[in-house]
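Each remark here refers to the structure printed beneath this line.
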Amino acid sequence: MLVFEDVTRRFGRATALEGVTLAFDAKTTTALLGPNGSGKTTLLRLAAALDRPSRGAVRLDGRDLREDAASRARIGYAGHDAALYDALTALENVAFRAKLLGRNRAGAEAASALDLAGFPARGRDLAAGALSRGQRQRVALARAFVGEPDIVLLDEPHAGLDEDGAAALDRALAGLAARGATVLVATHDAPRLGALVDRAVALERGRVARDEPRRNAP
Amino acid sequence: MRAAFLVAAKDLRVEGRTRDLVNAMLLLALLVLAVGLVAYHDLHERAVVASGVLWTAVVFASALASARSFANERDRGTLDVLLGAPADRGDIFLGKTIAHATLLLAVETAVLPLYAWLSPDLGGVALGTLAVIAVLATVGLAAAATILAAVATAARAREALVPVLLLPVAMPVVISAIHATTAAFEGAGLSEVAGEAALLAGFAIIVLALGWYLFEEVVA
Amino acid sequence: MNGRTVLVAVAVVAMLAHVVLALVVAPQAKGFVAPVTQRIFYFHVPSAWIGYLAFAVTAFASARFLHAPAARWDHLARSSAEVGTVFSVVALVTGLAWSRLEFAGYDPFTDAKVITLVVLILAYLAYLSLRAGVADDDRRGRLAAVFGLLAVVGVPLSYLASSVSIHPDFTRPGSGLDPGLGIYLGFGVVAFTLLYAALAALRYDLAVLEARLVAASETLER
């Protein structure tokens, strides 16, 4: 279980998150909603241990993320921008993550992850710098999926994807939910996710404004 | 530790494909050498100046490369990939230091023959001593440059700040390396530069340890 | 009369006393080439001492700040650094002036102590530049603290490196002062330390006030 305990994150004068307390269970897919600047990205980054809270703590199964390096193996993250190494190929980018996770057959697992993200077999040996935005997005998603993480954090994953890509992503999300993963998706496009989502949390200026199980996605 | 080698391998693989950093470092080293050659007409003067010119070039090349490397990681967002790894953040630091030291040694190897040419008696150069001193100095310098580049790129002035931060910290390396290299150019054996070698080794160990512990504070 | 006022008053009195003692009361030192300017010594040595002490304090405060991030350690680190920079520059200037007059054929850059003082000043300036270049309060303290700890390694090792590698041509006549004059030097060290403590404390108070002002204006904005 991923838990936010009274988390506040300040950047100089600005407050990105204020007193956020949330718990995310296994086998649930949560949509994280809110306008630009509401703190969605900050929340996801804190959940991915990429940032530290100014106050409060983020815990995975009781352990503070800041102190437990091993828990990062269980968290897959794909941010706003694809954040790829341009000089490495699509396969190498994903395999790098797999190797960092200590997977023995990094190449094979990377290939499966690329399949899951809907990246066609052709083009995997192209340098990431030469890929289109949509393709880069798929590589980033594959990197988040590789290694079968228990927690998957996605920041506006549909952005830049065409119909095929979006369909592949939807299938992947359904698969993750079936596997029992905890999925957190920040999105502007709630209706798109529709039936995949069990819960919707809305942020407003750094605070939790709404937290409800999905009835009809807003 | 495994993560350190993975990060180093990744850095070197990227560098092998783009050759951005190495090209910039080589160019800088050659330009500084050219200035040294042009400025000093007397053969004897040149010999004396050679090691100073060499290490000045190396330090600035190091500042340049480490600054670029971190600025790239931050700007492209790929630093997150490293931070997301289930490894001690100190291992990330070690990996980047190993890669940086490797690049520096490559540049030094390429440029050293040219600098030795400034020395009037090429046959008298003690290669063994030179190699040991160069390796010890480079490891310490790489460690300092890596942690300080991480610090500087988090600030507004970014890359411009790296040489400013690096010089006061790496001055012991500069002093010891220059004097030991001059001695090596004149044929000194390792025992004659034992003091310098010990200092370089000590510096490297201390900065590696400090960098390992403090890296987390800088990046996360 | 609060503690601060007492400290400042005592520091001022001590410094005034030291000036009088060093320039007027202390007898002429024997064995110096330029006996009158030798008195700079009573200001140079304590200044250098404070330059290094202040840096050690900054490093200590940096370590404490990283261990448990309380703003007061950051304020202390920064205050000590600002004051220390001034004393270090004074030490360098007085040291060079005195040495030039005292030793024939003096080359400051073969002197390990001069080199180390220069490295110290570079370290201070780098520290302050770094602080000036970070907007976010949280990060500024941490980044500066990391640099502080690295620099505190560089300075003493620079001294070691210089001592090992650089062999000066000039020779110092004797090892300095007659023992009887040591008491004036000792008093100078005490007076300068009080001055440092007073200045650092005032700067610290200013930093605390600035922080409160910022916090108050933020609360008002909300």
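The values are calculated or read from the model by the stated rules, or taken from the named source; none is laboratory data. Keep in mind the model is a prediction, meaning the values are calculated, not measured. A quick note on method: Cβ atoms are made from the backbone with ideal geometry, for glycine too, and the neighbour counts reach across all protein chains shown.
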message = If I filter segment C:147-165 down to residues being at the interface with chain B (Cβ under 7 Å from one of its Cβ atoms) and among the aliphatic types (A, V, I, L, M), which single residue comes out as nearest to the chain's Cα centre (by Cα)?
response = C:Ala151
inquiry  = Given (1) touching a Phe, Trp or Tyr at 6+ places or on another chain (Cβ under 9 Å); (2) within 16 Å of A:Asp25 (Cα to Cα), identify the lone condition not met by A:Val185.
reply    = (1)
remark   = For segment C:119-141, the count of residues that are in contact with a Leu (Cβ under 7 Å, 6 or more places away or on another chain) and not small (Gly, Ala, Ser) equals 4
inquiry  = What's the number of the only condition in (1) closer than 28 Å to A:Arg66 by Cα; (2) part of a loop (DSSP other than H, G, I, E, B) that B:Ile205 fails to meet?
reply    = (2)
inquiry  = Looking only at segment A:113-127, filter to residues that are of a type in the set (A, V, I, L, M, F, W, C) and either more than 21 Å from A:Asp164 (Cα to Cα) or surrounded by fewer than 21 Cβ atoms within 10 Å (Cβ to Cβ) (or both); which one of those is farthest from the other protein chains (Cβ to nearest Cβ)?
reply    = A:Ala121
key: Some residue of segment C:152-165 being touching a residue at least 60 places away in the same chain (Cβ under 8 Å) and crowded, with 19+ Cβ neighbours inside 10 Å   = yes
ask   = So is A:Ala177 in a helix (DSSP H, G or I), surrounded by fewer than 20 Cβ atoms within 10 Å (Cβ to Cβ) and touching a helix residue (DSSP H, G or I) at 6+ places or on another chain (Cβ under 7 Å) or not?
value = yes
Every residue from segment A:4-19 that is more than 9 Å from every other protein chain (Cβ to nearest Cβ) and without any contact (Cβ under 8 Å) to a residue 24 or more places away in the chain = A:Ala14
message = Contact list please: Cβ distance under 7 Å, first residue in segment B:102-113 and acidic (Asp, Glu), second residue surrounded by 17 or more Cβ atoms within 10 Å (Cβ to Cβ), pairs at least six apart or on different chains.
response = B:Glu108/B:Val58; B:Glu108/B:Ala134; B:Glu108/B:Thr138
inquiry  = Give all pairs with beta carbons closer than 6 Å in which a residue from segment C:126-141 that is at the interface with chain B (Cβ under 7 Å from one of its Cβ atoms) and crowded, with 20+ Cβ neighbours inside 10 Å meets a residue that is of a type in the set (A, V, I, L, M) and in a helix (DSSP H, G or I); count only pairs at least 6 apart in sequence or on separate chains.
reply    = C:Ala126/B:Val164; C:Ala126/B:Leu165; C:Leu130/C:Ala144; C:Val134/C:Leu143
query = Do we find that C:Leu92 is in a helix (DSSP H, G or I), surrounded by 17 or more Cβ atoms within 10 Å (Cβ to Cβ) and out of contact with any Ser or Thr (no Cβ under 8 Å at 6 or more places or on another chain) in this structure?
reply = yes
note = Residues of segment B:85-96 being crowded, with 22+ Cβ neighbours inside 10 Å and touching a Lys or Arg at 6+ places or on another chain (Cβ under 7 Å), in sequence order, are B:Ala85
ask   = In the list C:Ala104, C:Ala144, which residue meets the criterion of being more than 7 Å from chain B (Cβ to nearest Cβ) and over 30 Å from A:Phe11 (Cβ atoms)?
value = C:Ala104
query = Going by the structure shown, is B:Val53 of a type in the set (A, V, I, L, M), in a helix (DSSP H, G or I), within 29 Å of A:Gly79 (Cβ to Cβ) and in contact with a helix residue (DSSP H, G or I) (Cβ under 6 Å, 6 or more places away or on another chain)?
reply = no
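Could we say that B:Ala188 is among the hydrophobic types (A, V, I, L, M, F, W, C), surrounded by fewer than 22 Cβ atoms within 10 Å (Cβ to Cβ) and more than 10 Å from chain C (Cβ to nearest Cβ) here?
Yes; evaluated as a whole, the condition is true for this residue.
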Pick from segment A:90-112, criterion farther than 17 Å from A:Leu141 by Cβ and surrounded by fewer than 18 Cβ atoms within 10 Å (Cβ to Cβ), ranking: nearest to the other protein chains (Cβ to nearest Cβ) = A:Gly102
inquiry  = So if I check each of C:Leu120, C:Leu76, which one is within 12 Å of chain B (Cβ to nearest Cβ), under 26 Å from C:Arg64 (Cβ atoms) and in a helix (DSSP H, G or I)?
reply    = C:Leu120
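Conditions tested, residue by residue: (1) on the phi > 0 side of the Ramachandran plot; (2) at pLDDT 90 or above; (3) not in a loop (DSSP other than H, G, I, E, B).
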{"position": "A:Lys27", "(1), (2), (3)": "yes, no, no"}
{"position": "A:Thr30", "(1), (2), (3)": "no, yes, yes"}
{"position": "A:Pro35", "(1), (2), (3)": "no, no, no"}
{"position": "A:Ser38", "(1), (2), (3)": "no, no, no"}
{"position": "A:Thr41", "(1), (2), (3)": "no, yes, yes"}
{"position": "A:Leu44", "(1), (2), (3)": "no, yes, yes"}
{"position": "A:Val58", "(1), (2), (3)": "no, yes, yes"}
{"position": "A:Glu67", "(1), (2), (3)": "no, no, no"}
inquiry  = Regarding segment B:61-81, can at least one residue be identified that is of a type in the set (Asp, Glu), assigned to a helix (DSSP H, G or I), within 19 Å of B:Ala110 (Cα to Cα) and within 14 Å of chain A (Cβ to nearest Cβ)?
reply    = no
Unique residue being within 14 Å of chain A (Cβ to nearest Cβ), touching a Leu at 6+ places or on another chain (Cβ under 6 Å) and buried (at least 18 other Cβ atoms within 10 Å of the Cβ) when the list is B:Ala137, B:Ala99, B:Ala143 = B:Ala99
ask   = What about B:Phe203, is it surrounded by 23 or more Cβ atoms within 10 Å (Cβ to Cβ), facing another protein chain (nearest Cβ under 10 Å) and of a type in the set (Phe, Trp, Tyr)?
value = yes
ask   = For segment A:49-70, how many residues meet the condition of being at the interface with chain B (Cβ under 10 Å from one of its Cβ atoms) and either basic (Lys, Arg) or in contact with a His (Cβ under 7 Å, 6 or more places away or on another chain) (or both)?
value = 2
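Could you pull out the residue among A:Ala87, A:Ala73, A:Ala83 that is part of a loop (DSSP other than H, G, I, E, B), at the interface with chain B (Cβ under 8 Å from one of its Cβ atoms) and within 15 Å of the chain's Cα centre (by Cα)?
It is A:Ala83.
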